[in-house]
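Reading through the structure tokens given below for one structure.
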Amino acid sequence: MVRWIATLVVAVNSNRRAGEVAAGIASALLLALIPGGNLLWRVLFLLTFLLKINLAAELLFLALFRLLVPLGDGLLDPLGHFLLTLPPLQGAFTALYNLPLMPLTRFNDTLVMGGLAAGLALWLPAFLGARALVSVYRRRWRDRLAGSRIVQIFRRIPLVSSVAAAAAKLGVGAAG
Amino acid sequence: MALGRKIKVPRLFAVCLSARVFETRVLPRITIPSDRSFLEGLYSRQADGSYARPEGLEDAAARRLRELARAVGQNKGVVRVGKVSLLAVLAVGLLVFNLFFHDRLVEAGLERALQGVFSARAEIDGLRLRLLRGRLSFHRLAVADQEQPMRNLFELGRSTVDLQTGALLRGRVIVRNLSSRDVRWGTPRAVSGAIEDPAAPAAEKRDRGFSLSLAAVDFRALLEEQAGNLRSPAAAADLKARAQQSSAQWSGRIDAAEQNLRTLADQAEALRSLEPGSLRTAAEVQQALARIQGLYPTLRSVKQQVTDSRQGLLADSQELARARAAMAGLVEADIGYLRSLTDLSGGGLRSLLSAMAAPQLEKYLGRYAQYAGRALEYAQRLVFSGGDKAKSPKRAKRAGSLRRVGREVSFPVRELPRFLLQEMNASFGARGEAYFARFFLQNLSSDPSLTGAPVGFGAELAQEDRLLRVDGRLDLRGGKRLSADLEALGQPLDLSEGLEAVTLRRLKGRYDLRAELSLGGGGALSGGGRVAVRELSLEATGERGAIGAAVYDALSAAQELIVDFRFEAEASAADPAGGKLRITAATNLDELLAARLRQNLTELNAQQGRQLREELTRRLEADLAAGDSLRDGLGALLARSDGGLQDIAGHEKLLAQKRAELEARLKQLGGSLLKELTEGLTLP
């Protein structure tokens, strides 16, 4: 976990593309919205390993979002049920369900379908928003924070010093 | 400045960079403003549009450029090349495996599956599976015969199998079509095809077809077969057993009674020599009387013993004599029953020709009934072996406190059986050629209820002018039912066994057979058909009696012998345990033969009656003789018991006589004593 935090700190404070961090956060939101233990979630998760997405951001925010997402199940379940019972889509869903391996994705589960739909819909806004935040941070706050007194005090906190040490090992440089 | 190695500036940040490289490949990939400012300050634009920096750089600047070069290198592309490469290596590995190994695995798996169904070795050569095309092909497939391990049950040549690939990924083997250019059966094997129980007989298999119904003129065989229906043999055996039991019982008791009688006789003899006149005193006389009195209980006891034994013995002897007398009646009844089976005056099964045809039909149809039974057995094994794995219950979802589970919306699913062969065609040669064979099979499934259709099968073998055709259906839905039509045209007939009774050595010809066979849910077998035999050629044995001559004449004169038959069995005769089959047959020559025989019928019937009586009597002789001998022994015992009773009477008489004599002597002694006592007394 410390390593993930350090990697994220390095990524945000270095020249790594803001889009990679943002994609990690957006993908974490998508994966958190879809319940785990099915083929769909596993394929999506595997895909993120093959793309240039900041995995530390993804894993950290996945853990965070998973704590919060159950609060939204009340909305996801009816959304999923609405989509799965939509008459124009019945033929497609039936054909899909009769394909080999497709039943393993459990797309016919209301939470899975609702989570997938909500996750796909929210992915782009989350990506854009996170990328903007990272860009703003780098442009306005990074250099200012690097030498501030508050940050010096903050660094003395044991957890933070561990993170800083780990970040240093990863070659923060610009993070100071 | 510390001495040491100078930090090398990355090649990306050469002294001179083109505008394209600096403005499109470097700057856009640097996002930290201070780093951008650093680069923009380090590189200055030249007159020709390129960007240049100072040649000598301090270590700090060089170190910073190295970090920035790493960032530029990392900030390109969307895909992680390393991990994708690893995935590609895995894919290549799978491809290599697919090319070189998976065919062998599929071949081994298919061989195991076939061995499971047929319980014999299966060999496949040259198998190739192309999943994407959904095609499986092989050069040769051979399945050994479980009952004849050195022969193949069937063998397929170069064959192609079209599969549903999508169903394969769902663990279902759906064969749309299987075509084979070469099919053979019963071919010899170089190695044994047995896979278990090597002690199972591999030699000539016992014909476990139908049981013999009857042989009309072989009396010995007739009696053997009808033994269970005859009463006289059982009665004779019972008579002998009862006589043995009676003899053993009564001889022991008679011996015991005679022993007691001898003891009594000794005591009685001792009394015979007693002279009452020699007894001087009343006390002596009374003592003698007491001895006599003491013998009476023994006498009565022995007398009772002998009397009881005699009565029991007499009763048994009389009973055995009655049973012996009844034997004659039983023998006559049995002879009458046997003659009813061999009566030559009617047609139907009782006719000779039908009786000759029945065993031959049993052998021929029995073979096909066995094939039908085995086909049913294999199909059931396929259903059983497919069904036990297909329906594993779905694992219940673990909806623990941390696991999110929604509602399941169901969609229609086409349920497929675990295995389905929709169409199989195999052929050898072509119609019109010297040899042609064709075999087809349809809708063979591990779950017939899903298929919704019975299994269809058929075979056709044509060789020159001979044809054998089988068409059938096997319905495993609900109960099991098999029906098949069999047609054999122009088949050669050459019989040399079972003709002795009609004094024929050989019967040759050609026959056409049409039959239908049905195997029901409870294993009940039934069917019927017609055999037409033509171009008859007969060879007679040297001696021909009336029957042989009549049969020979009838067959020689006939253009065609037609046999109509029906058969049925309650338990399947094709089961390994074997079952009793009843076959009824009638020929078109029955009446003709009966008419010819009717002339000599009386003599034939009488002759048969004599032969039956001789044979039956011969069988009963031993038991009856033993029974008679034992009965004689019982008579001797009876005589002994009579003698014993006479002896007892004699002893009774002796004792009575002696008693009377002693009482007289006592009276005499008493009178003398009174005279002595009263001598010299005067009475008032």
With 0.36 nm assigned to each residue of separation and the Cα-Cα distance removed, B:Ala660 to B:Leu132 gains 177.1 nm
Here the whole-number average of other chain Cβ atoms within 10 Å per Cβ of B:66-72 is 3
Dividing the surface of the Cα convex hull of the stretch B:1-112 by four yields a projected area in nm² of 12.6
With all protein chains in place and a 1.4 Å probe, A:Lys52 shows an accessible area in Å² (nearest 10) of 50
Dimensionless Rg/Rh of the stretch B:410-532, both radii on Cα and Rh by Kirkwood, sits at 1.14
For the stretch A:65-125, shape from the Cα gyration tensor axes a ≥ b ≥ c, cut at a/c of 1.5 then a/b versus b/c, turns out prolate
With all protein chains in place and a 1.4 Å probe, A:Asp143 shows an accessible area in Å² (nearest 10) of 70
Going through B:Lys303/B:Lys658; B:Lys240/B:Lys303; B:Lys6/B:Lys83 one by one, the pairs whose alpha carbons sit over 26 Å apart turn out to be B:Lys240/B:Lys303; B:Lys6/B:Lys83
Rounded to a whole number, the Stokes-Einstein D of the stretch B:239-291 in µm²/s (Kirkwood radius over Cα pairs; 10 °C; 1.306 mPa s) is 111
Share of Cα-Cα pairs in the stretch B:129-197 beyond 20 Å, whole percent, is 44
Accessible-area order for A:His81, B:His139, B:His651, largest to smallest, probe 1.4 angstrom, reads B:His139, A:His81, B:His651
Between B:Arg469 and B:Val78, the two model label points (7 Å from Cα along the beta-carbon direction) sit apart by a distance in nm of 6.6
Rg from C-alpha atoms of the stretch B:33-96, normalised by the globular rule of thumb 2.2 N^0.38 Å, equals 1.80
Descending accessible area (1.4 Å probe), largest on the left, turns A:Trp4, A:Trp41 into A:Trp4, A:Trp41
For the stretch A:1-69, the Cα convex hull volume per residue in Å³ comes to 79
Buried accessible area between A and B, both sides, 1.4 Å probe, in Å² rounded to 100, is 3300
Residues whose modelled amide H sits under 5 Å from the amide H of B:Leu444, counting only those 5 or more places away in sequence or on another chain, are B:Leu421
In this structure, the FRET efficiency calculated for B:Ser449 and B:His139 from their beta-carbon separation, with R0 = 45 Å, to the nearest 0.05, is 0.80
Cα-based Debye curve of the stretch B:56-205 sampled at q = 0.13, 0.18, 0.22 Å⁻¹ gives log₁₀ I(q)/I(0) of -0.75, -1.09, -1.33
Once both label points are put 7 Å beyond Cα along the C-beta direction, the B:Gln249-A:Phe82 separation in nm becomes 10.1
Taking a crude spin-label model, label points 7 Å out from Cα along the C-beta direction, the B:Asp642 to B:Arg300 distance in nm is 2.8
Using a 1.4 Å probe on heavy atoms of the protein chains only, the accessible area for B:Phe118 in Å², nearest 10, reads 30
Partner shielding of A:40-52, as the mean number of partner chain Cβ atoms within 10 Å, equals 2
Per-residue accessible area, 1.4 Å probe, largest first, puts A:Arg138, B:Arg619 in the order B:Arg619, A:Arg138
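The values are calculated or read from the model by the stated rules, or taken from the named source; none is laboratory data. Note that the structure is a prediction, hence the values are computed from the model and not measured. When we count neighbours, we look across all protein chains shown, and the Cβ atoms used for this are built from the backbone with ideal geometry, even at glycine. Just so you know, the surface numbers come from the protein's heavy atoms only, side chains and all, with ligands and any DNA or RNA stripped out. Shrake-Rupley method; radii C 1.70, N 1.55, O 1.52, S 1.80 Å.
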